1. At least 2 residues that are of a type in the set (A, V, I, L, M) and crowded, with 18+ Cβ neighbours inside 10 Å in each: list the strands (runs of 3 or more DSSP E) lying fully within the stretch 130-218 that qualify.
2. In the stretch 231-257, which residue that is of a type in the set (V, I, T) and closer than 30 Å to G441 by Cβ is surrounded by the fewest Cβ atoms within 10 Å (Cβ to Cβ)?
3. Search the stretch 197-230 for residues being free of Cβ contacts under 8 Å to residues at least 40 places away in the same chain and of a type outside the set (D, E), and hand back the single one that is farthest from T411 (Cα to Cα).
4. Quickly run through the stretch 548-596 and pick out the residues that are part of a helix (DSSP H, G or I) and either in contact with a strand residue (DSSP E or B) (Cβ under 9 Å, 6 or more places away or on another chain) or not charged (D, E, K, R) (or both).
5. For the stretch 30-43, check the following and say yes or no: at least one residue is without any contact (Cβ under 8 Å) to a residue 60 or more places away in the chain and either crowded, with 19+ Cβ neighbours inside 10 Å or not small (G, A, S) (or both).
6. Tally the residues that are modelled with pLDDT under 95 and within 21 Å of C391 (Cα to Cα), restricting the search to the stretch 240-257.
7. Mind checking which residues of the stretch 258-288 are assigned to a strand (DSSP E or B) and either β-branched (V, I, T) or surrounded by fewer than 19 Cβ atoms within 10 Å (Cβ to Cβ) (or both)?
Amino acid sequence: MKFSTNCFRIFLLSVFSVAVVAASLFFTCSAFAGRSNSLLDISRDGKLLACSNRDSGTVTIVDLATHQVLREIAVGRHPEGVSFVGASKTLAVAVYDDDLVILLDSLTGKITNRIDVFDEPYGVVSNKQGSKIYVTLDYPGEVIEIETVQATVQRRFPAGRFIRGIALSSDNSYLLVTEYHSGEVKKIDLGSGQIVDRWAGGSQDNLSRQITIHPFREKAYLPHIRSRVTVAHGAGSIFPLVSVIDTQAGVGKRKMRIPLDSFIGTRVTSNPWEVEVSPDGKTLYIVFAGTDDLFICNVLDDNYRELTPRSAIGLGHNPRAVKAAPDGRTFYVYNALDFHVVAYDTTSLELKKKIPVTKSPLDRQILLGKILFYSARQPMSGRRWISCASCHPDGQADGKTWHNPEGLRNTQSLAGMAWTHPIHWSADRDEVQDFEKTIRGPLMQGRGLVRGKINPSLGKPNKELSEALDALAAYSNSHEWTMSPHSKTGLSDSAKRGRELFFSPKTACSSCHSGPFYTDSNPVSKKIIRHDVGTAKWDETEKMGPAYDTPTLLGVYRTAPYLHHGLANNLQEVLTTYNPDDQHGRTSHLSAREISDLVEFLKSLPYEDPVPSAEKMGLIKVKN
């Protein structure tokens, strides 16, 4: 049978139209069946947006037809990931500091289930059917599978150290998860529950908190930074990257790092927080929480360049999330310290709507200080590569040991810092305001927050020289500890035996790690106390030792590596390998069981709130 020319054209047009519709459906279904962890999520039908408000302890639900807030629901301390469960309007929320995964009805705001988990739930994704959700536990570094009908934990998958990012494949067959401090990505087969593939992070990769999977290519995208610990200079220590991962075993380059500090001309960016791939797979969005930028990139199917720049736009304060609508016409950005979500047209990049999602729960001073803490722009940073949050995100440590001019220095957590001054391993600063020197120095190269000269560290106070500097100090001193997950049900028998050892003359641990904060440093006494515990000999670059400040032991269970040089990988090594001469407490004569008991006690700290005891002893100082 012969076709006329017109009939043939009609036939081709019909085939082409069907193909386009089928491809469009394929892209949309693929893109939004497999989820990636985020502070934002959009329901499968595109009608509702959920936003996790970390500072407020709430989740906000937005009607995307009207861009109006429907409700704000209190969920607990520091919620992180949110995910709609399957095609439903049920929302799963990872409440980081309360160790809870919450299920709530986004249409009514009612919390339907609270699921206790071991510690620090961060990322959450849902399978296509909505029957299961998967949650990363930052500590102890595992993934849990929760059955949603019964709201019970079904399986646990040990996945490494400090697991945050998580993404689910579109066929629900595997998970990709990220190690926060190393940038390593692991593939967990959901049939066997085993790690079946891994993509190693570089020795300098860091802060890998999120990952997303391409809707139909076998690629995943990982935002993170590169921490060059051997360089104490603002133009060479911190770099922003996106790593592109080949998810098919043994194919391609496996892992390709794309530097982003000069990706679009000379526009330097810092602290990439989240990425998102558009439903058609052609566009990648990247938000930078340090420089308040967004990059829009072309996604190439070439297995070579992978990404090319398209454009960039400036955002509000501290953008932490980006999410594309299922129809591909709009993308949404969460400016976390402006407390609003902004909607942009994907074609024109014009701002369509600004949606306030919560009121700031922070007072004026703390809010200003937090904005400065996260900023990699002037007056904090001259070269735009680095902010305070590049090493201390949300007050936590970055897990790295830096080769500073004074020697090796393991990054410390800011938790409880207000009550454990002086600051630094060398106790060379007695107030946060002394960090004006760092802001102006080679590391940050900022203009600074004080006009004119500043006083030397440990000299006259720099407090009250600048409203902005005092605000930065107030925020930095606002971080507190959470209770140890190892003592949720009370001290174990082993920890009780360890406590007796800790406070006994047999070890003399409490002679330095004393009081409710387990340190002999406090801001009330104004005394600078340092101890030579024999650790300086392992660092040939040391300039200020051999005596160091006594760090608090509260929260020590999650702050490895240990000691000022960061050479001790665990608490056992602190008590044995790096204490051969009993300078750091008397431990060489302890049995293996006694060492184990002592470690169990240390892991249990804090097992009670230290503040009431500190108040009675006069150790509490106002946190500014």
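1. 132-137, 142-147, 163-168, 174-179, 185-189
2. Among residues in the stretch 231-257 that are of a type in the set (V, I, T) and closer than 30 Å to G441 by Cβ, the one surrounded by the fewest Cβ atoms within 10 Å (Cβ to Cβ) is V231.
3. Here the answer is R198.
4. Scanning the stretch 548-596 gives V556, Y557, L571, Q572, E573, V574, L575, A592, I595, S596.
5. Within the stretch 30-43 (the criterion being without any contact (Cβ under 8 Å) to a residue 60 or more places away in the chain and either crowded, with 19+ Cβ neighbours inside 10 Å or not small (G, A, S) (or both)), the answer is no, since none of the residues qualifies.
6. The number of residues fulfilling the criteria is 1.
7. Once the filter is applied, which keeps residues that are assigned to a strand (DSSP E or B) and either β-branched (V, I, T) or surrounded by fewer than 19 Cβ atoms within 10 Å (Cβ to Cβ) (or both), the stretch 258-288 yields I258, P259, V275, V277, T283, I286, V287.
Okay, residues lined up against (1) modelled with pLDDT of 95 or more; (2) over 30 Å from N569 (Cβ atoms); (3) buried (at least 23 other Cβ atoms within 10 Å of the Cβ); (4) in the same structural domain as R451 (by TED's automatic domain parsing):
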position	(1), (2), (3), (4)
A321	yes, yes, yes, no
L351	yes, yes, no, no
S375	yes, yes, yes, yes
M380	yes, yes, yes, yes
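The values are calculated or read from the model by the stated rules, or taken from the named source; none is laboratory data. Worth saying up front: this structure is predicted, and the values here are computed from it rather than measured. Positions of Cβ are generated from backbone atoms using ideal geometry, with glycine treated the same way; all protein chains shown enter the neighbour counts.
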